[in-house]
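K.L.:
One structure follows; several queries about it will come next.
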Amino acid sequence: MQPGDIISYLEMCNREGVSLQRGMNFRLGGGMSVILMSVRAGAPYADRVEDGGGTLIYEGHDVPSSRGGPDPKTMDQPMRSDGGSLTQNGLFYEAAEAHRQNGADPELVRVYEKIKQGIWVYNGIFRLVGATRKSEGGRKVFKFRLELTDFADTARPAAEVDLKHERMIPSWVKVAVWKRDKGCCIKCGATDNLHFDHDLPFSKGGTSLLPENVRLLCARHNLQKSNRIE
């Protein structure tokens, strides 16, 4: 799978081998951590992308809501559960601190971004390089800093590929292109195995920052195009 590939929720779960019921998933069965992000209007958390897509600031998660209980948005995001075990916030935080304080290898995290109900985009493998807990809106929230890697997505992500940080397509561009191209390949109308493709290839100076240079192609037409200028 390459950054920019579009998949359904079920395909994403099948790929990870688990039912992804939460946004933060520390070290799943294969050893890779996974986070689900969204910068859409109305998203439950204040995720944001910086540095042309090279950096992700990911907000930690709230306590679960309970009938008759307080609004989770008024409560501190928890480091530990009531039973004392680390929450997902705590697991990611301690991994970031191990990297910062002890020089441990940064946690590698696969990132998927929601662009509409049931439709997700694979954004690539990121390094978890930092974490803070700050006061915001009268409560304490976690902020995790992740930086895009050049790793190919293999079982053991060690091979580097020609992927510059600026290649990550901004969220607003993905949404605009999805709407414009009506969620299908502009060549054949296919609605599966889709990919966000650069019209003028990135390697030849094309930009990820404008919808005019991004389009939807199915896997077959994306492979046929390769890095040619049409």
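K.L.:
Can you find a residue in the stretch 77-93 that is in contact with a Phe, Trp or Tyr (Cβ under 6 Å, 6 or more places away or on another chain), part of a loop (DSSP other than H, G, I, E, B), modelled with pLDDT under 90 and open to solvent by less than 40 Å² (accessible area, probe 1.4 Å)?
P.N.:
No: the stretch 77-93 contains no residue that is in contact with a Phe, Trp or Tyr (Cβ under 6 Å, 6 or more places away or on another chain), part of a loop (DSSP other than H, G, I, E, B), modelled with pLDDT under 90 and open to solvent by less than 40 Å² (accessible area, probe 1.4 Å).
K.L.:
Of the numbered conditions (1) more than 26 Å from residue 197 (Cβ to Cβ); (2) open to solvent by less than 30 Å² (accessible area, probe 1.4 Å), residue 22 fails exactly one; give the number of that condition.
P.N.:
(2)
K.L.:
Restricting the first residue to the stretch 67-83 and requiring it to be in contact (Cβ under 8 Å) with a residue 12 or more places away in the chain, which pairs with a second residue that is open to solvent by less than 70 Å² (accessible area, probe 1.4 Å) and of a type in the set (S, T, N, Q) meet a Cβ separation below 7 Å and a spacing of at least six or different chains?
P.N.:
Close Cβ pairs satisfying both conditions: 77/89; 78/87; 78/89; 79/87; 79/89.
K.L.:
Still on this structure, I have one more. If a residue must be outside any strand (DSSP E or B) and in contact (Cβ under 8 Å) with a residue 40 or more places away in the chain, how many such residues does the stretch 114-145 contain? Don't jump to the end; show me each part of the working.
P.N.:
Keep residues of the stretch 114-145 that are outside any strand (DSSP E or B), which gives 117-118, 137-138.
Then keep just the ones that are in contact (Cβ under 8 Å) with a residue 40 or more places away in the chain; that gives 118, 137-138.
Of the residues in that region, 3 qualify.
K.L.:
Give 131, 98 a once-over and let me know the one that is at pLDDT 95 or above and surrounded by fewer than 18 Cβ atoms within 10 Å (Cβ to Cβ).
P.N.:
Just one listed residue meets the conditions, 98.
K.L.:
Condition first: among the charged types (D, E, K, R), in a helix (DSSP H, G or I) and modelled with pLDDT of 85 or more. Now tell me which residues in the stretch 165-223 satisfy that. Step through it out loud before you land on a result.
P.N.:
Filtering the stretch 165-223 down to residues among the charged types (D, E, K, R) leaves 166-167, 174, 179-182, 187, 192, 197, 199, 204, 212, 215, 220.
Narrowing further to those that are in a helix (DSSP H, G or I): 166-167, 174, 179-180, 204, 212, 220.
Listed by number, the residues that qualify are 174, 179, 180, 212, 220.
The values are calculated or read from the model by the stated rules, or taken from the named source; none is laboratory data. No experiment lies behind these values; they were computed from the predicted model shown. Every residue, glycine as well, gets a Cβ built from its backbone with ideal geometry; the counts of neighbours run over all protein chains shown. Side chains included, ligands, DNA and RNA excluded: accessible areas come from the protein's heavy atoms. Shrake-Rupley method; radii C 1.70, N 1.55, O 1.52, S 1.80 Å.
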